[in-house]
Amino acid sequence: MKRFLLNKLVRDNIVETCLDMGGKPSYRVLSKDELFQALKNKIQEEALEIAEAEDQENLLEEIADVQEVLLEIMKVSGISQENVILRMKEKNQVKGAFSKAHYIDYVDLPGDCEMAQYCMCFPNKYPEKKDK
């Protein structure tokens, strides 16, 4: 028998599928806090799979996985879909959506403006380029 390390949250029927195939999964049921952390890890895994999707069918599959994980995160966190939609609308009013497809390579900002201050708080995410 071959052993494979998964170390991740899996869909509900996977343990049973492993057993049906003659496998011996070592698993446990996560606490709410552990589940929340596992879901945060899972959403990253699924988002990477969207980036790697090679065709429309695979993309649909991965989007469905992301949506499933998001719904579970909302459930565990006590956040309703209505609140998510409301927050999306609020953000769209202030910052817009993504429909204009704007992509900023870099931006020159006065050092004392709010956006510059925000960027400086996250130097790994928004590194400052000293020379022009």
Among the residues of segment 39-59, is any surrounded by 11 or more Cβ atoms within 10 Å (Cβ to Cβ) and either more than 28 Å from Lys125 (Cα to Cα) or touching a residue at least 60 places away in the same chain (Cβ under 8 Å) (or both)? yes
Which one of these does Asp65 not meet: (1) of a type in the set (Asp, Glu); (2) closer than 30 Å to Asp33 by Cα; (3) exposed (fewer than 12 other Cβ atoms within 10 Å of the Cβ)? (3)
Looking at segment 68-96 only, could you name the residues that are in a loop (DSSP other than H, G, I, E, B) and either exposed (fewer than 10 other Cβ atoms within 10 Å of the Cβ) or among the acidic types (Asp, Glu) (or both)? Gly78
Filter segment 1-30 for residues that are exposed (fewer than 10 other Cβ atoms within 10 Å of the Cβ) and among the hydrophobic types (A, V, I, L, M, F, W, C); the one that is modelled with the lowest pLDDT is Met1
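So that you can scan it fast, the table gives a plain yes or no per residue for (1) of a type in the set (Ser, Thr, Tyr); (2) more than 23 Å from the chain's Cα centre (by Cα); (3) on the phi > 0 side of the Ramachandran plot:
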| site | (1), (2), (3) |
| --- | --- |
| Lys8 | no, no, no |
| Asn13 | no, no, no |
| Tyr27 | yes, yes, no |
| Glu34 | no, no, no |
| Asn58 | no, no, no |
| Val69 | no, no, no |
| Arg87 | no, no, no |
| Leu109 | no, yes, no |
| Asp112 | no, yes, no |
Check on Asp20, over 15 Å from the mean Cα position of the chain (by Cα) and over 22 Å from Gln67 (Cβ atoms): yes
Assuming Cys119 fulfils every condition listed in (1) in a helix (DSSP H, G or I); (2) modelled with pLDDT of 95 or more apart from one, which condition is it? (2)
Tell me which residues, restricted to segment 114-128, are within 20 Å of the chain's Cα centre (by Cα) and surrounded by 10 or more Cβ atoms within 10 Å (Cβ to Cβ). Tyr126
Check off (1) closer than 30 Å to Ser99 by Cβ; (2) in a helix (DSSP H, G or I); (3) among the small types (Gly, Ala, Ser) for Ala53 and give me the number that stays unchecked. (2)
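The values are calculated or read from the model by the stated rules, or taken from the named source; none is laboratory data. Keep in mind it's a predicted model, so treat the numbers as computed, not measured. Using ideal geometry, Cβ is built from the backbone for each residue, glycine included, and neighbour counts are taken over all protein chains shown.
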